[in-house]
């Protein structure tokens with residue numbers, strides 16, 4: 001149970017109904033997790049779900065790399081719901097279970113693909129140093145393209161919002177999914 005509780009779809013106000021129907025009829029096919037939290041502020045829900053749709057389905061980053069970034073965000077924030085929701089998508093997109101397990105366990109993965117190494121280094125450096133040095137910026141821009149770097153920053157920002165929502169409002173993992181992440185940074 002999360003801190004705000006679930007809004008009953010039968011009792012939505014007009015603004016909530018519009019965004020609920022928009023989310024439920026889109027590629028997500030339902031209103032769960034942090035999206036359900038945002039329904040308490042439908043204006044935020046509308047803006048955030050539009051950004052999320054772009055980041056998840058329309059960015060220039062291929063799914064294998066975007067799911068890598070998303071899992072890194074979930075692990076960074078220890079956001080179990082995000083981890084549980086995206087691990088299957090990451091596997092389906094071609095991210096190896098060894099890479100996923102290493103991220104979960106807080107170890108540096110042994111990457112087989114240079115683009116994964118670059119995305120991992122970019123997200124790590126962005127979090128650890130709160131900047132990206134010129135060398136890494138040039139390397140990732142050359143490998144993925146500058147517009148992809150813009151999208152990667154967007155993905156990191158959006159999934160920070162998602163993860164913060166999960167943590168503040170104590171959104172539990174999806175039903176039937178056992179937690180995999182540590183419970184603290186210790």
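Coordinate-derived values only; no laboratory data. In this text, all values refer to a predicted model and were calculated from it rather than measured experimentally. FYI the Cβ positions are ideal-geometry reconstructions off the backbone, even for glycines, and counts take in every protein chain you see.
Between residue 114 and residue 15, what is the spin-label point distance in nm, taking each point 7 Å from the Cα along the Cα→C-beta axis?
5.0
Mind jotting down the distance between the C-alpha centroids of region 64-96 and region 116-183, whole Å?
10
Efficiency by 1/(1 + (r/R0)^6): what FRET value for residue 170 and residue 60, r their Cβ-Cβ distance, R0 = 25 Å, to the nearest 0.05? Present the calculation step by step, with values, prior to reporting the outcome.
Values: r = 34 Å, r/R0 = 1.35.
Here the calculated transfer efficiency is 0.15.
Counting other beta carbons within 10 Å of each Cβ, put 171, 99 in order, fewest first. Could the numbers behind the result be given before it?
Details: 171 25, 99 20.
Listed from fewest to most nearby Cβ atoms, that is 99, 171.
Going by average Cβ neighbours within 10 Å, how do the peptides 132-138, 76-82 rank, with the highest at the top?
Details: 132-138: 12.7, 76-82: 22.4.
Result, highest mean first: 76-82, 132-138.
Compute the whole-percent fraction of alpha carbon pairs in region 126-186 spaced more than 12 Å apart.
Values: 1432 of 1830 pairs.
Here the tail beyond 12 Å accounts for 78 percent of pairs.
Return the calculated 222 nm mean residue ellipticity for the chain, to the nearest 500 deg cm²/dmol, obtained by summing -39500 (n - 2.57) across DSSP H runs with n ≥ 4 and dividing by the residue count.
On the way: 9 runs with 116 residues, N = 186.
Computed ellipticity for the chain at 222 nm equals -19500 deg cm²/dmol.
In what sequence do 55, 47 fall when counting other Cβ within 10 Å, fewest first? Can you show the working numbers first?
Details: 55 22, 47 13.
The order, fewest Cβ neighbours first, is 47, 55.
Over 10 Å intervals from 0, what percent of Cα-Cα pairs in region 1-119 sits in each interval?
12, 39, 29, 16, 4
Could the peptides 38-46, 89-97 be put in order, highest first, of the mean number of other beta-carbon atoms found within 10 Å of their residues?
Numbers: 38-46: 17.8, 89-97: 15.9.
Averaged packing, sorted descending, gives the order 38-46, 89-97.
To the nearest whole percent, what portion of all C-alpha pairs in region 9-58 is separated by more than 17 angstrom? Please list the in-between numbers first.
Numbers: 266 of 1225 pairs.
Tail of P(r) above 17 Å: 22 percent of Cα pairs.
Rounded to a whole number of µm²/s, how large is the Stokes-Einstein D of region 63-168 at 10 °C and 1.306 mPa s, given Rh as the Kirkwood radius over C-alpha pairs? Don't skip to the end; give the middle numbers.
Numbers: Rh = 13.7 Å.
Rounded to a whole number, D works out at 116 µm²/s.
What ranking of 163, 184, 25 emerges when the number of other C-beta atoms within 10 Å of each C-beta is taken as an exposure proxy, fewest first? Could the numbers behind the result be given before it?
Values: 163 24, 184 6, 25 10.
Fewest-to-most ranking of 163, 184, 25: 184, 25, 163.
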